[in-house]
Amino acid sequence: MEVYHPTKLPFEIKLLNEIGDLLRNAENVIIISHKSPDGDAIGANLALKHALEQWDVKVVSACADPPPEYAFVLPGSYEYVNDFDLNNFDLAIAVDCGAHYLMKFHETKPELMAGKIPLINIDHHPSNDQFGTHNLVHDTAAATSFILYHYLRYLGFHITHEIATCLLMGLYYDTGSFMHSNTSRDVLETAADLLNKGADFKKIVKPMFQTTPVNQLKLWGRVMTRARLTSKKAIVSAVTEQDLIECDAKPDDLSGVIDLLNSVPESKFSILLSETEHGAIKGSLRTQDDQIDLSKLAALFGGGGHKKAAGFTMPGRLRQETHWKITND
């Protein structure tokens with residue numbers, strides 16, 4: 001068997017081996033993605049699921065919300081559950097959850113956080129609150145899928161084309177199709193090896209960035225029409241629940257539009273506010289400015305994320321206001 005040295009993982013070997021022992025000795029595992037999951041949350045989850053099945057472990061993937069439509073190209077995506085009985089499992093794993101509350105299951109299953117069974121926390125967000133009994137958190141990694149790629153190789157798993165495809169989706173999504181500043185040499189080398197191992201790149205790219213139905217275009221049009229550059233050099237736009245209804249669109253249809261807002265050269269950062277059907281406001285933030293830390297801004301509203309990409313969710317509704325001023329000009 002290939003001996004792989006995890007030079008890309010800044011963890012003590014003791015921790016890597018302790019988590020490896022938990023995985024080897026587990027019989028029934030629940031893997032949890034964060035609510036409103038994205039490509040990395042789904043890709044990392046399913047990659048780990050397929051890997052553990054090589055050890056004859058019974059695995060269930062769970063999320064409080066369904067996977068986005070583009071992720072249904074991944075093997076196992078249709079098997080996600082939105083509820084489970086913790087008594088049926090001897091190990092829980094949270095992937096890509098930047099804080100414990102992003103699992104959402106901590107509300108309905110408090111025993112998950114009480115140490116009833118081990119909870120492995122695998123993540124790459126600086127906002128992570130180290131909520132697991134074992135924490136594999138690398139807060140400068142481009143994606144959770146990047147961490148998993150190197151850890152699965154360390155544990156000796158065979159990276160099948162299914163696993164490679166899942167991991168590549170995570171990398172591709174969290175690097176903004178390899179255009180964000182987190183696209184490092186290590187990321188590109190990892191992506192290249194995943195392609196060598198059979199990752200289906202075309203299957204990933206087409207539903208994520210090359211398929212845009214008319215209703216999504218209409219919704220993006222409203223975002224662009226409302227975009228404004230503030231005096232603080234922020235590009236701000238908003239989408240209401242009524243917009244979603246009138247455009248026959250879903251919240252997932254907003255995926256990617258924040259990156260277009262962020263392309264305005266004179267702006268320092270961009271903010272997209274959108275209403276959810278549950279009476280809340282979701283904020284997405286992006287920047288290309290190395291001097292701005294959006295994770296700190298998102299934290300003010302109970303959110304988190306990365307320095308250049310962050311978000312938050314808070315109760316409320318959006319209300320548009322128009323201001324008029326009389327001048328002698």
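The values are calculated or read from the model by the stated rules, or taken from the named source; none is laboratory data. Keep in mind that this is a model prediction, so the values were computed, not measured. Using ideal geometry, Cβ is built from the backbone for each residue, glycine included, and neighbour counts are taken over all protein chains shown. To get the accessible areas, we keep the full protein, side chains included, count just its heavy atoms, and leave off ligands, DNA and RNA. Shrake-Rupley method; radii C 1.70, N 1.55, O 1.52, S 1.80 Å.
Taking the Cα atoms only, what angle lies between the long axis of helix 214-226 and the longest principal axis of the chain, rounded to 10 degrees? Orientation of helix 214-226: about 50 degrees from the principal axis. Think of a 1.4 Å ball rolled over the protein heavy atoms: the chain then has 50 Å² of accessible area per residue. Structure remark: mean-square fluctuation, Gaussian network model of the chain, C-alpha springs under 10 Å; the largest value among 30, 245, 204 belongs to 245.
Within the assembled protein chains, the solvent-accessible surface assigned to residue 153 is about 50 Å², based on a 1.4 Å probe. When the chain is treated as a Gaussian network with alpha carbon springs shorter than 10 Å, the biggest mean-square fluctuation among 68, 126, 207 belongs to 207.
Among 168, 272, 188, the residue with the largest mean-square fluctuation in a Gaussian network model of the chain, with springs joining Cα atoms closer than 10 Å, is 188. Of the cross-linked pairs 104/268; 116/296; 232/308; 58/307; 8/307, those separated by over 25 Å at the C-alpha level are 104/268; 116/296; 58/307.
About its Cα centre, the dipole of the stretch 1-156 is roughly 200 debye, where the only charges are +1 on Lys and Arg Cβ and -1 on Asp and Glu Cβ. Charged neighbours of residue 119, selected by a Cβ distance under 14 Å, balance to -3 (K, R count +1; D, E count -1).
Computed on protein heavy atoms with a 1.4 Å probe, the accessible areas place 195, 136 in the order 195, 136, largest first. Using the Cβ-Cβ distance between residue 14 and residue 140 with R0 set to 25 Å, the FRET efficiency from 1/(1 + (r/R0)^6) comes to roughly 0.75. Quick one: check the C-alpha center-to-center distance for the stretch 192-267 versus the stretch 23-68, whole angstrom. Centre-to-centre distance over Cα atoms comes out at 26 Å. Taking every DSSP beta bridge that has both ends in the chain, the antiparallel portion is near 40%.
In the stretch 158-307, the DSSP beta bridges split such that about 60 percent are antiparallel, to the nearest 5. Counting pairs of Cα atoms in the stretch 58-147, how many percent are more than 21 Å apart? Beyond 21 Å sits 32 percent of the P(r) for the stretch 58-147. The residues neighbouring residue 38, those whose beta-carbon lies less than 9 Å from its own, together hold a net charge of -3 under the Lys/Arg +1, Asp/Glu -1 convention.
All C-alpha to C-alpha distances of the chain, sorted into 10 Å bins beginning at zero, yield P(r) values of 5, 26, 34, 22, 9, 2, 1, 0, 0 percent in whole numbers. Tell me, what does the Kirkwood hydrodynamic radius of the stretch 73-222 come to in angstroms if you use every pair of distinct C-alpha atoms? By the Kirkwood definition, the hydrodynamic radius is 17.1 Å. Rounded to the nearest 10 degrees, the angle from helix 144-155 to the longest Cα principal axis of the chain is 10 degrees.
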